[in-house]
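Chemist: Sharing a structure with you now.
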Amino acid sequence: MLPMRIKKATLIIVTVFLIRVLFSCCDCQAPTVYQYSYDYFSVYNLDNSGASPTISETNKVPKAAYGIRLDFSYLKVSSVKREKYLMFPEASASDCECPPYFQYIAKDTISSIDIITTNKFDEQHPANSSVADLFKTLLDMNYITLNEFINQPETIFGYKLPDKKSLDLFLMQIPESSGEQIFKIEIFMSDSRLLTMTTNPVILE
């Protein structure tokens, strides 16, 4: 019988050989990586009183179901380089599935999102004050704050850069009184740009 030490050495050699054979069957090219930028965004009043949030077609929304949708437009800005894999230059995974030939990474990121009410919202939030802390968004079926959303890693897109991305913000604190509201959205980017849009007037009933 072979000594245990020789058995272990043989097993390691065979394992390494099998791994090299497995990955040699993969002929994956390193992907071409592009950068994308946030070009602009559009803003809409949401009505969340139904099965799913919908853009309000009227100027009235139940105050317990109000939200704001931000539609971000993406723009491809530059080609970076062909990325190489860290471990196996000719393969990406044990199942020999190649990564997307084109990949898109963010050139700039969102630094902050502020929501400013132009009218009095309640006693704690007079006109022209920030109400960003009253809104949350959904991530993996959980409500998170805007700061928690900003701290999420930027999306890496494969194959094709989408035209836009939607972000729904839901009002979590209902104002005591009804009335017309207008919200100004200010988004500061990591490249020092300020993107601003204002919602259409909406009556929170």
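The values are calculated or read from the model by the stated rules, or taken from the named source; none is laboratory data. Bear in mind that the values here come from a model prediction, so they are computed numbers and not experimental data. Every residue, glycine among them, receives a Cβ derived from its backbone with ideal geometry; neighbour counts consider all protein chains shown.
Chemist: Of (1) modelled with pLDDT of 50 or more; (2) not in a helix (DSSP H, G or I), ALA64 satisfies all except one. Which?
Modeler: Only one criterion in (1) modelled with pLDDT of 50 or more; (2) not in a helix (DSSP H, G or I) is unmet by ALA64, namely (2).
Chemist: Then there's this: What are the pairs, 6+ residues apart or on separate chains, where a residue within region 158-170 that is over 23 Å from ASN45 (Cβ atoms) and modelled with pLDDT under 90 has its Cβ under 7 Å from a residue that is surrounded by 14 or more Cβ atoms within 10 Å (Cβ to Cβ) and of a type in the set (S, T, N, Q)?
Modeler: Note: pairs meeting the criteria are GLY158/GLN103.
Chemist: Next question, about the same structure. Tell me, yes or no, whether region 86-99 has at least one residue that is aliphatic (A, V, I, L, M), surrounded by 14 or more Cβ atoms within 10 Å (Cβ to Cβ) and at pLDDT 75 or above.
Modeler: Among the residues of region 86-99, not one is aliphatic (A, V, I, L, M), surrounded by 14 or more Cβ atoms within 10 Å (Cβ to Cβ) and at pLDDT 75 or above, which makes the answer no.
Chemist: How many residues, within region 140-155, are at pLDDT 90 or above and over 9 Å from the mean Cα position of the chain (by Cα)?
Modeler: 8
Chemist: Does any residue of region 70-84 turn out to be among the hydroxyl-bearing types (Ser, Thr, Tyr), under 30 Å from SER177 (Cα atoms) and at pLDDT 90 or above?
Modeler: no
Chemist: For the subset of region 117-158 comprising residues that are at positive phi and of a type outside the set (D, E, K, R), which member is surrounded by the fewest Cβ atoms within 10 Å (Cβ to Cβ)?
Modeler: Here the residue is MET141.
Chemist: SER49: assigned to a loop (DSSP other than H, G, I, E, B), of a type in the set (Ser, Thr, Tyr), modelled with pLDDT of 90 or more and within 30 Å of ILE182 (Cα to Cα), yes or no? Give the steps one after another, and end with the answer.
Modeler: On the way: assigned to a loop (DSSP other than H, G, I, E, B): yes; of a type in the set (Ser, Thr, Tyr): yes; modelled with pLDDT of 90 or more: yes; within 30 Å of ILE182 (Cα to Cα): yes.
Here the answer is yes, as SER49 does meet what is asked.
Chemist: Additional query: All but one of (1) polar (S, T, N, Q); (2) part of a strand (DSSP E or B); (3) out of contact with any Leu (no Cβ under 6 Å at 6 or more places or on another chain) hold for ASN147; which doesn't?
Modeler: (2)
Chemist: Mind listing whichever residues of region 156-194 are outside any strand (DSSP E or B), within 21 Å of the chain's Cα centre (by Cα) and over 30 Å from PRO100 (Cβ atoms)?
Modeler: MET172, SER192
Chemist: Still on this model: Just a yes or no: is a residue in region 26-39 surrounded by 13 or more Cβ atoms within 10 Å (Cβ to Cβ), within 22 Å of the chain's Cα centre (by Cα), modelled with pLDDT of 85 or more and not in a strand (DSSP E or B)?
Modeler: No, region 26-39 contains no residue that is surrounded by 13 or more Cβ atoms within 10 Å (Cβ to Cβ), within 22 Å of the chain's Cα centre (by Cα), modelled with pLDDT of 85 or more and not in a strand (DSSP E or B).
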